[in-house]
1. For the stretch 62-285, what is the charge dipole size about the Cα centre, in debye to the nearest 20, if Lys and Arg each add +1 at the Cβ and Asp and Glu each add -1 at the Cβ?
2. Report the local net charge at Asn291: Lys and Arg +1, Asp and Glu -1, summed over other residues whose C-beta lies under 11 Å from its C-beta.
3. Show me the ranking of peptides 72-85, 162-175 by mean Cβ neighbours inside 10 Å, starting with the highest.
4. Beta carbons within 10 angstrom, averaged per residue: use that to sort the peptides 180-193, 219-232, 110-123, highest first.
5. Enumerate the lysines that Lys203 could reach by cross-link, defined here as Cα to Cα under 29 Å, with residues fewer than 8 away along the same chain left out.
6. In Å and on Cα atoms, what radius of gyration and Dmax does the stretch 87-244 show?
7. Suppose the chain between Asp206 and Gln30 were pulled fully straight at 0.36 nm per residue; how much longer would it get relative to their current alpha carbon spacing?
8. What does the extension gain come out to for Asp114 and Asn191, with contour length at 0.36 nm per residue minus their alpha carbon separation?
Amino acid sequence: MLQSNSEDNFESPIKDIKRHEDNLKFLKSQANHLDESILDLQVRLGKYHSKDAANENSDLHPEEESTQQILHQEQSAAGILCKVKSYHAIHASNLSLIKDVLGIVATLARVDNDTLSRLLSEYLGLETMLGIVCKTFDGIKALEKYGGDGKIKDIAGLHGLGSSIGRKIDGRFTAFCLEDLRPFAGGFVANDPQKKLALLKPKLPDGKCPSGFLDFVVNMVNLDDRNLFCVTAGGHGLRETLFYNLFSYLQAYKTRADMLSALPCITHGAVSLDGGMITKNGLFLLGSRENFEVKFPLITGRSGLSLNYSQIETRIRKLRWEQHNIEQDMLREQQLLDKARAASSGKPQV
């Protein structure tokens, strides 16, 4: 009987080792399959890039105009970041402090027309338009370092980067941490390539949709394919995280008259294409504004890539997200295997 217990105790670590080895073998095969799939898709993408390069002209890319506007904000954190990435690209690629940075708010979306661009830029305000968007909290921490007395270290983080190119950040700046933003909890519009949020249209007391209602602003911004899926570790894109938190249920109308007629069903503010703006219930912005330092870029023909191209990019992003999850699973399995082997050999487990 004692011998049987001893055999059972011996077999248990052996079984654990075998199980973890099998799990690792399976995960490695999955990882190899994903590598091959991603490589195949990248080859197909390369063909599209070759065609695009052959037809390339001197026109600015849609986001370059916004980048130039940001560069004019010389004492801003966004301006410094853009300058380093634009004119010191090789140096920037090696900087750990900006590797987690996805971009500046103003460069992460496009809109249909200049009127809407001006409205949304005014609604958000310059500070938010210049906000730096990081994927994780580690990215936020890398932007600014502090001494033991709590004061900002001028030689570290983005402040140190500014000093290295002769720039000093003037005042505070906004930074967004995507992993800490609560994403939209609902679904998406079925078969919509832009992954628009499935929001119920506003209804007046008589049950009708207000005249002149265009859409919820969060669904009126156009995103690059790379920002639609799997931007965060949880698989979320920018629309349901960053732009949902910026615009929430902000409504858009054709005219001020339409907007004012819809007041009973406006819960989170509204804008109209002729310049009307309600930032929240009871708070109306009157007058007009002509000068806008930083605006969202417009959708152009160059940004309207073929559906096949968009589908391939989307597929690659999803596969890379799966690849990241498998790598994490492999790391955990390897740690468990090491512990099982240590237990089998009688060595103390660390």
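Nothing in this text is a laboratory measurement; each read-out follows from the coordinates by a stated rule. Not measured: the values here are computed from a predicted model. No Cβ is skipped: glycine too gets one built from the backbone with ideal geometry, and neighbour counts run over all protein chains shown.
1. Value, rounded to 20: 320 debye.
2. Charge balance near Asn291 sits at 0.
3. Descending packing order for the listed peptides: 72-85, 162-175.
4. The most tightly packed comes first, giving 219-232, 110-123, 180-193.
5. Lys195, Lys254, Lys280
6. Here Rg and the maximum Cα pair distance are 18.8, 62 Å.
7. Extra length from Asp206 to Gln30 when fully extended: 57.8 nm.
8. 25.0 nm is the gain from fully extending Asp114 to Asn191.
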